[in-house]
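Presented below is the structure to which this report refers.
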Amino acid sequence: MWPFKKRPDDAETDTVKFNDLLRDQGARQLLRALRERDWPTARDILTAADPEHFMFYMWCVSGADGLQEWIPDVIRAEPDSTLPLLARGAHAISWAWEARGSGTSSTVGEDQWKVWFQRLKLAENCLDEVIDRDPKCAEAWHYLIVLGRARQLPMEERWRRFNRLIEIDPAHLLGHQQMLENVMAKWSGSTEAMFDFARTRAAACPGTNIPLLVAQAHREQRRVEGSDKYLRRADVAGEIYAAAHNSFWHAGYQRSLMTPMVWNQFAHALTVGRYFREACGVYDLIGDDWINSTPWRTTERFVTMRDRARDKADDPDLDPDLDED
């Protein structure tokens with residue numbers, strides 16, 4: 001049995017820290033440069049990145065505070081470059097959500113809707129210009145997929161954007177996750193479409209991060225059904241376990257920047273599904289260095305579920321239900 005306490009004490013929880021930047025020095029330097037409005041440094045980091053790092057770095061750019069205040073000056077200063085346009089377009093989507101808020105549509109006021117649509121249009125215009133000039137820019141297609149959902153475009157157009165993305169980068173993780181959102185019932189898709197997409201793309205991309213979509217689809221269905229009992233069903237937990245074997249446990253898998261994100265989500269799903277011994281192996285990979293806020297939300301929750309898995313690994317039948325908060 002793994003030698004861990006059943007409940008985290010305050011000292012143990014205090015030593016656990018989230019690391020959403022994946023211990024990547026480039027991401028830290030990029031965010032610092034953006035805070036300081038140092039575009040030359042940010043540009044150098046972005047242009048030197050490989051495709052996976054560039055995907056992650058653009059995610060960092062999309063949430064950078066205050067970018068819209070100064071990036072138009074960069075666009076004017078560098079008219080031949082699509083990079084500042086891409087940065088402005090990706091960021092404008094987050095900027096639109098900032099204006100709208102995260103509540104349901106009934107909580108959004110008329111003025112908020114006006115700003116929401118203005119900023120989404122800005123994003124679309126910037127990204128359209130990028131792909132007009134650089135049709136193989138994967139990140140432009142990625143954020144156009146996000147816009148397809150935000151603007152509630154016809155499903156045919158959402159699929160067109162996704163298909164263009166995977167022509168360029170067949171295993172683009174964030175783009176796949178965004179398309180999964182697009183086909184969910186809450187965004188004019190359906191439960192059937194969600195699972196079909198997750199399973200089809202997982203089967204098409206063995207030994208990559210993409211089989212994570214299967215676990216994410218089941219997590220969404222758990223949200224719909226409102227109880228972890230769904231994730232504890234033998235067929236559901238078994239499919240998530242099989243997806244882990246098709247992903248980071250696959251013989252052909254190569255660890256990369258995004259691997260810790262995959263570990264964290266599978267560790268959570270395997271724990272809830274009572275694959276405790278298997279989850280323990282994933283927690284060992286995560287260790288203290290690779291803990292992400294998603295899907296745990298709090299460090300206390302991470303420690304509780306990790307210790308639960310290690311405590312129950314040799315005796316899963318005695319495990320009580322522990323639903324999500």
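Using alpha carbon coordinates only, what is the Rg to Rh ratio of segment 96-217, with Rh defined as the Kirkwood radius?
When Rh is taken as the Kirkwood radius, the ratio is 1.00.
What is the fewest-to-most order of M305, M155, M258 by other Cβ atoms lying within 10 Å of their Cβ?
Fewest to most other Cβ atoms nearby, the residues stand as M155, M258, M305.
Find the eigenvalues of the gyration tensor of the Cα atoms of segment 25-182, then list the square roots of 5 times those eigenvalues as equivalent ellipsoid semi-axes, largest first, in whole angstrom.
Semi-axes from the Cα gyration tensor: 23, 20, 14 Å.
I'd like the orientation of helix 39-48 relative to the chain: the angle between its Cα long axis and the longest Cα principal axis, in ° from 0 to 90, rounded to 10.
60 degrees
For a Förster distance of 35 Å, can you work out the FRET efficiency between the beta-carbons of E157 and D38, rounded to the nearest 0.05?
0.45
Could you work out how far helix 51-62 tilts from the main Cα principal axis of the chain, as a 0 to 90 degree angle to the nearest 10?
The angle comes out at about 70 degrees.
At a 10 Å Cβ-Cβ cut-off, how would you order D65, D50, fewest neighbours first?
With the sparsest Cβ surroundings first, the list reads D50, D65.
Would you mind working out the magnitude of the charge dipole of segment 25-182 relative to its Cα centre, with +1 at each Lys and Arg C-beta and -1 at each Asp and Glu C-beta, to the nearest 20 Debye?
Here segment 25-182 has a charge dipole of around 300 debye.
Round to the nearest 10 and give me the degree value, 0 to 90, for the angle of helix 138-150's Cα axis relative to the longest principal axis of the chain.
80 degrees
Bear in mind that the values in this text are calculations on the coordinates, not laboratory data. All of these numbers come straight from a predicted model, not from anything done at the bench. When we count neighbours, we look across all protein chains shown, and the Cβ atoms used for this are built from the backbone with ideal geometry, even at glycine.
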